[in-house]
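Structure first, commentary second.
The values are calculated or read from the model by the stated rules, or taken from the named source; none is laboratory data. Remember, predicted model here, so these are calculated numbers, not experimental data. When we count neighbours, we look across all protein chains shown, and the Cβ atoms used for this are built from the backbone with ideal geometry, even at glycine.
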């Protein structure tokens with residue numbers, strides 16, 4: 001996709017992080033911007049900012065884990081702007097701790113947003129994009145799903161998050177291949193960021209009361225502290241990642257990485273599978289981090 005002016009982007013999780021930054025770039029590119037988010041106050045502020053640039057903005061409050069709400073987003077988009085050209089299934093939440101300590105509510109919340117939110121986006125928008133392609137030979141459509149480097153490797157003490165993001169990578173790769181069977185006009189990408197400041201470590205603020213968290217376990221508190229530290233020390237920013245997304249759209253590139261050096265861990269995992277051998281120590285390059293985590297988890301309460 002080389003041209004964006006006058007086209008439409010739908011972005012979930014648009015009130016903060018990657019979603020807000022891609023909304024800013026979309027507006028600068030002259031796109032119509034459909035901004036969807038679960039936080040009404042943050043969405044109102046973000047939509048006002050993007051609208052002040054002169055872009056046509058449609059703010060839409062929703063919970064992406066609810067199929068009917070994503071379907072309503074698709075219907076509102078079609079009515080206001082027609083079929084979108086870019087759909088960024090980006091909304092996501094964090095989750096950590098030893099995998100057997102995650103409650104059923106943890107699983108339902110994280111999978112509901114991170115996985116089913118993408119499922120609902122694909123089901124709701126892909127058919128209308130394919131219809132647009134059939135009726136217009138110049139139509140171009142692109143779906144971007146936010147996964148994570150945790151969707152390519154399996155770091156310890158964050159199992160529920162890993163599972164959700166591995167599923168998004170698998171779904172995105174399948175979507176790419178399925179689209180290639182039926183059209184050349186609509187394609188897909190998957191975004192796999194590493195530690196970037198986006199607000200995801202504070203995603204509990206948007207957790208629904210019906211899936212309220214239990215008292216955090218020691219492993220969850222340790223995982224949250226380590227994630228905060230890793231995110232806070234990162235040099236790659238959300239605006240940089242948003243630009244990576246638009247670069248990939250222009251190049252029709254499927255895999256989008258924020259930290260290419262982190263792919264060494266992916267290579268180790270692939271070698272583990274192929275040899276085969278037991279999973280490589282995820283802290284081999286930074287043994288002090290692994291030692292700190294093990295000591296903290298094994299310490300007496």
Restricting the stretch 5-24 to residues that are out of contact with any strand residue (DSSP E or B) (no Cβ under 7 Å at 6 or more places or on another chain) and without any contact (Cβ under 8 Å) to a residue 60 or more places away in the chain, the one nearest to residue 132 (Cα to Cα) turns out to be 6
Failed condition for residue 156, given (1) touching a strand residue (DSSP E or B) at 6+ places or on another chain (Cβ under 9 Å); (2) not in a helix (DSSP H, G or I), with all others met? (1)
So for the stretch 218-234 (the condition being assigned to a loop (DSSP other than H, G, I, E, B), farther than 26 Å from residue 61 by Cα and at pLDDT 90 or above), does at least one residue qualify? no
Search result, residues across the stretch 1-28 that are in a loop (DSSP other than H, G, I, E, B) and surrounded by fewer than 18 Cβ atoms within 10 Å (Cβ to Cβ): 1, 2, 3, 5, 6
Residue by residue through the stretch 271-298, note down the ones that are outside any helix (DSSP H, G or I) and closer than 19 Å to residue 227 by Cβ. 282, 283, 285, 286
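Among 19, 112, 95, 117, which is at pLDDT below 95 and within 21 Å of residue 193 (Cβ to Cβ)? I'd like the intermediate steps shown before the answer.
On the way: 19 fails: at pLDDT below 95; 112 fails: at pLDDT below 95; 117 fails: at pLDDT below 95.
Unique residue meeting the criteria: 95.
Kindly evaluate residue 118 against the criterion of being in a helix (DSSP H, G or I) and surrounded by 17 or more Cβ atoms within 10 Å (Cβ to Cβ).
On the way: in a helix (DSSP H, G or I): yes; surrounded by 17 or more Cβ atoms within 10 Å (Cβ to Cβ): yes.
When the stated conditions are applied, residue 118 passes them.
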Just one of 76, 105, 68, 55 is part of a helix (DSSP H, G or I), surrounded by fewer than 24 Cβ atoms within 10 Å (Cβ to Cβ), on the phi < 0 side of the Ramachandran plot and in contact with a strand residue (DSSP E or B) (Cβ under 7 Å, 6 or more places away or on another chain); which is it? 76
Of all residues in the stretch 29-49 being within 17 Å of residue 80 (Cα to Cα) and in contact with a helix residue (DSSP H, G or I) (Cβ under 7 Å, 6 or more places away or on another chain), which is surrounded by the fewest Cβ atoms within 10 Å (Cβ to Cβ)? 32
Which of the residues spanning the stretch 25-46 are out of contact with any strand residue (DSSP E or B) (no Cβ under 9 Å at 6 or more places or on another chain) and either within 21 Å of residue 202 (Cα to Cα) or at pLDDT below 95 (or both)? 41, 42, 45
